[in-house]
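Accompanying notes for the structure given below.
Every number here is computed from the coordinates shown, using simple stated rules; none is lab data. Quantities reported herein were computed from a predicted structural model and do not represent experimental measurements. Cβ atoms come from the backbone with ideal geometry, glycine included; neighbour counts cover every protein chain shown.
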Amino acid sequence: MTVAIRTEGLTKVYRGTTALRDLDLEIREGDAFGFIGPNGAGKSTTIKILATLVRPSGGRAEVGGIDVVRRGDDVKPLIGYMPDVLGIYDDMLVGEYLEFFAAAYRIRGLRRRQRIAEVLELTELTAKRDAPVMGLSRGMGQRLGLARCLLHDPQVLLLDEPAAGLDPRARIEFKELVLELRRMGKTLLISSHILSEIGAMCNTIGIIEQGRLLYAGPIDEARKKLGAERVVRLRVHEEGDDERSVNAVLDLFRGHPDVEAMKPGASGEVFVRVRADAPDISFLARDIVRAELHLLHLEETVLSIEDIFLHVTQGKVA
Ligand SMILES: Nc1ncnc2c1ncn2[C@@H]1O[C@H](COP(=O)(O)OP(=O)(O)O)[C@@H](O)[C@H]1O
Ligand SMILES: [Mg+2]
């Protein structure tokens, strides 16, 4: 795997305020890296340095192996940067807005028309081509922002708080779009101060606070390091009442070598804690079917990013 983004000892001091302290990051090609931290943590500063817009005070940063300070002009074609504030282009239509930025990227003629059509399609804004930018919903506005930074087909996307202020539905649409970009092989750095916003989109995360990186690595590994247990929420339906359904599950898995504990939940649910080294959880479904119980629901619950974040900021991972 090639490294798409690397920083070493990256530091930024704004007139006495240290925004970033010795940041070491390595984001591999094809990763979706969630950059998580509270306001003022240094996320935007990091992203702007990578986008060649802010000069670091110390250390190094590379995109695609190219130094962002010494060879900024070579880095620009590789990156799509979506700022946290998109700016105001109220009088423009969606199509004009993209024409404007395509021109700025020096994309001309037939290729310009093709690229605009492609990014509109990808962000599902084709039907809005002749709509005023001003009239777009927040979710559509964010998708347009993304369309704009995809025009020159960059390999690396730097998205600063793209999900901020999106309603749940827009967030799901945005997540779908991110997954599509990942399928296309893009590398994504997505920042957020709301942890749950980006957990489901990213395979790796970095947690930053007061300019210092507290944790960076795969989400799965973070969960393992924290001794995350695997808990399965399951529900069967038995003739009679919830209690019979719950008891059927408890009877079935009592004493099973891969089951550590069980706890009845609300309305017939049972939470089953599976041993961390069990190969998988499929035995639960298999045994339920074999016992001819009617399976209604089976789902692994995993540690949320919030949980990880709480553990990390309490110093349990450093
Ligand atoms: N242009 C600037 N001048 C002075 N201080 C700044 C500037 N930009 C950011 N800072 C400071 O640097 C720190 C990190 O800010 P920022 O990178 O925007 O954090 P985040 O994006 O995580 O909220 C904050 O203390 C912020 O006030
Ligand atoms: Mg910010």
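Lysine pairs in the chain 8 or more apart or on different chains: how many have alpha carbons under 16 angstrom apart? Display every interim value, and only then the final one.
Working: K12/K43; K12/K48; K48/K76; K76/K186; K175/K186; K224/K316; K225/K316.
Qualifying lysine pairs in the chain: 7.
Note on the chain: Kirkwood hydrodynamic radius from all Cα pairs is 22.0 Å, rounded to one decimal.
Less than 5 angstrom separates the built amide H of G80 from those of V156, L157, L158, all sequence-distant by 5 or more or on a different chain.
Can you give the FRET efficiency to the nearest 0.05 for R108 and I88, using r as the Cβ-Cβ distance and R₀ = 25 Å? Approximately 0.45, to the nearest 0.05.
Converting phi to 3J(HN,Hα) with the Karplus coefficients 6.51, -1.76 and 1.60 and the offset θ = phi - 60°, the range 196-212 yields 5, 4, 10, x, 6, 9, 10, 9, 10, 9, x, 10, 10, 8, 6, x, 10 Hz in sequence order, with x at every glycine or proline. Couplings for the range 84-101, taken from phi via the Karplus curve 6.51 cos²θ - 1.76 cosθ + 1.60 with θ = phi - 60°, read 6, 10, 8, x, 10, 10, 4, 6, 8, 8, 3, x, 5, 4, 6, 4, 4, 6 Hz in order; Gly and Pro are left as x. For the chain, a Gaussian network of Cα nodes joined below 10 Å ranks V75, V133, V270 by mean-square fluctuation, and the top entry is V270. With a Förster radius of 25 Å applied to the C-beta separation of F100 and R169, the computed FRET efficiency comes to 0.30. What longest region of the chain stays clear of trypsin sites (Lys or Arg not before Pro) that DSSP places outside H, G, I, E and B and that have at most 11 other Cβ atoms within 10 Å? So the longest stretch without any such site is 109-253. Paramagnetic label reach from H297 (point 7 Å along Cα→Cβ; backbone nitrogen cut-off under 15 Å): within the range 257-272, residues 263-272.
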